[in-house]
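Below is one structure, written out as structure tokens; comments come after it.
The values are calculated or read from the model by the stated rules, or taken from the named source; none is laboratory data. Just so it is clear, the model here is predicted, and its values are computed rather than measured. Cβ coordinates were reconstructed from backbone atoms using ideal geometry, including for glycine residues, and neighbour counts include every protein chain displayed.
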Amino acid sequence: MAHTATPDIVVVGAGPAGSALALLMARAGASVLLLDKARFPRDKTCGGGLTPRAVAVLKRFGLLEAVESIAPQRVTGAHLRSPSGHVWRMEFSEIDSGLPPFGLIVPRYKLDEFLVEQAVSAGASFWPGAGVTDLTMEGRRVVGVAVRRDGRREEIRAPLTAIATGASISLLKRLGLLRRMPPVILAARGYYSSVTSLEGSLEFYFEGDMLPGYAWVFPLGDGKANVGMGMFPKGQRKSPRQMLEEFVRSGPAADRFRSARLDGRIKGYPLRTDYPLYDAHGDGYILLGESVGLVNPISGEGIDLALESAEIAAPVVLSALERGETDAHSLKEYDLRLRRRFEGYFRGMRILRDRAMVPSVLDSLILRSARNPELARTVTGINLGVVSPWVVIKKPGLAWRVLRYLAHRTFR
Ligand SMILES: Cc1cc2nc3c(=O)[nH]c(=O)nc-3n(C[C@H](O)[C@H](O)[C@H](O)COP(=O)(O)OP(=O)(O)OC[C@H]3O[C@@H](n4cnc5c(N)ncnc54)[C@H](O)[C@@H]3O)c2cc1C
């Protein structure tokens, strides 16, 4: 087995979480080796929707202008359609969130390649086609990784390994963090062209058979759209792919797909929304993004949280490397900051998801949000992660009224 020079940090996975960490660490002067089993550009199965939260992080990274230049579409809000056909347009600008009042849609083959390029320009080394097959352990401590590339096996040792492998759990099994895949959202997406009436909005459709779940239509400019289906498995008989095909053929937006063409294949992939199942750090390693289940349990959006996890990790990791102490104790601060920001939010969102994903509640919520600006702002803020979901679970007043919509399904 060949041995390669020792970087300060080896980052496994060049999705948004891994590339963002590689970028921030390289900018700070660390020597970084970023690895991905795929060759880039590669298209991660995704909707490619960058929420205002993701836009805000990219702005803090100084990358917003450049990302806008590769984004075919800006979106200023979302259309939500309830099972009975009520429609509400959620406006991102209507809440005083401190976030930019828009999101972007960027196909992942563009976004991820762009982020890798930024990391490399900042000084990180990148090995595409380099699958990590194992972690090198000394006792409980991770001291490096075993990589297969170009048919050869190599070992890379580093004081710190960052695992950002998305929904793939093989390295998590190796760490003893998971034995099997936890419950996931099952999702599928396809790229369509010649779709009519696309505007600068995300579109979400909640329909009988697909519940608990939804279809999305994300515009990509020039009549193109990323169209997908996300389902929280609860014994539905059909797969997300079948539901997506049905949605396009005969769903509420079917008229707009009459002349549409599917470009390429429909692809499915799971989403992990289970944060926090286990610690995001240990001796010699940290975990980022979806590898700790950081995906919004209702909207299925996780690019923003992947970027944020890297932003939270970078200063902690840098300081640990400077001290030459990369044991679990020295990395704990990352975990604590992550938990402070996301733990309560995720627990609350899962409760809301379980209560809200039924037809009567969705009908009531969407109808009333369209009529009541205060409720609209609360729901928008919860979705963007700037209003705590516990506001409607715990507190009285408006929140209590919202809870009634959610808890008493017959309330209309
Ligand atoms: C159908 C679908 C639609 C979605 N739509 C949206 C959306 O519109 N907006 C949004 O914000 N989120 C969306 N998500 C969620 C989003 O895709 C993820 O949350 C996000 O990609 C997580 O980023 P990450 O960097 O943690 O992991 P990933 O983006 O999954 O990146 C992981 C990387 O690790 C690499 N890798 C894995 N194992 C190894 C290994 N052993 N060795 C080397 N490399 C490895 C992979 O090749 C990959 O490049 C969607 C997900 C799905 C499935």
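Looking only at region 86-98, decide whether some residue is under 18 Å from the mean Cα position of the chain (by Cα) and of a type in the set (A, V, I, L, M, F, W, C). Checked region 86-98: no residue is under 18 Å from the mean Cα position of the chain (by Cα) and of a type in the set (A, V, I, L, M, F, W, C). Would region 125-139 turn up any residue that is crowded, with 23+ Cβ neighbours inside 10 Å and under 26 Å from residue 380 (Cβ atoms)? No, region 125-139 has no match at all. Of everything listed in (1) modelled with pLDDT under 95; (2) more than 14 Å from the ligand (Cβ to nearest atom), the single unmet condition for residue 196 is (1). The C-beta contact set for region 104-122 (first residue without any contact (Cβ under 8 Å) to a residue 12 or more places away in the chain, second residue assigned to a helix (DSSP H, G or I), distance under 8 angstrom, 6+ apart or interchain) is empty.
A count restricted to region 9-58 and to residues that are more than 15 Å from the ligand (Cβ to nearest atom) and surrounded by fewer than 20 Cβ atoms within 10 Å (Cβ to Cβ) stands at 4. Evaluating residue 148 against the criteria (1) of a type outside the set (Gly, Ala, Ser); (2) more than 25 Å from residue 225 (Cα to Cα); (3) touching a Leu at 6+ places or on another chain (Cβ under 7 Å) leaves one unmet condition, (3).
Per-residue answers, yes or no, for (1) farther than 29 Å from residue 192 by Cα; (2) within 15 Å of the ligand (Cβ to nearest atom); (3) of a type outside the set (Phe, Trp, Tyr):
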position: 255; (1), (2), (3): no, no, yes
position: 260; (1), (2), (3): no, no, yes
position: 284; (1), (2), (3): yes, no, yes
position: 287; (1), (2), (3): yes, yes, yes
position: 300; (1), (2), (3): no, yes, yes
position: 303; (1), (2), (3): no, yes, yes
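Within region 306-346, restricting attention to residues that are within 18 Å of the chain's Cα centre (by Cα) and without any contact (Cβ under 8 Å) to a residue 60 or more places away in the chain, the residue that is nearest to the ligand (Cβ to nearest atom) is 312. In the set (1) away from the ligand (no atom under 15 Å from the Cβ); (2) more than 22 Å from the chain's Cα centre (by Cα), the condition left unmet by residue 180 is number (2).
Going by the conditions given, is residue 15 outside the structural domain of residue 191 (by TED's automatic domain parsing) and more than 17 Å from the chain's Cα centre (by Cα)? Steps first, please.
Values: outside the structural domain of residue 191 (by TED's automatic domain parsing): yes; more than 17 Å from the chain's Cα centre (by Cα): no.
In short, no.
When each of 99, 111 is tested for being within 10 Å of the ligand (Cβ to nearest atom) and within 30 Å of residue 377 (Cα to Cα), the lone residue that passes is 111.
Scanning region 130-146 for residues that are touching a strand residue (DSSP E or B) at 6+ places or on another chain (Cβ under 6 Å) and either more than 9 Å from the ligand (Cβ to nearest atom) or assigned to a strand (DSSP E or B) (or both) gives 131, 132, 133, 134, 135, 136, 142, 143, 144, 145, 146.
Being more than 10 Å from the ligand (Cβ to nearest atom), farther than 24 Å from residue 54 by Cβ and in contact with a strand residue (DSSP E or B) (Cβ under 7 Å, 6 or more places away or on another chain) is a description that does not apply to residue 278.
Against the condition more than 12 Å from residue 91 (Cα to Cα) and surrounded by fewer than 21 Cβ atoms within 10 Å (Cβ to Cβ), how does residue 392 come out, does it pass?
no
Number of residues in region 163-173 that are within 10 Å of the ligand (Cβ to nearest atom) and either assigned to a loop (DSSP other than H, G, I, E, B) or surrounded by fewer than 18 Cβ atoms within 10 Å (Cβ to Cβ) (or both): the value is 7.
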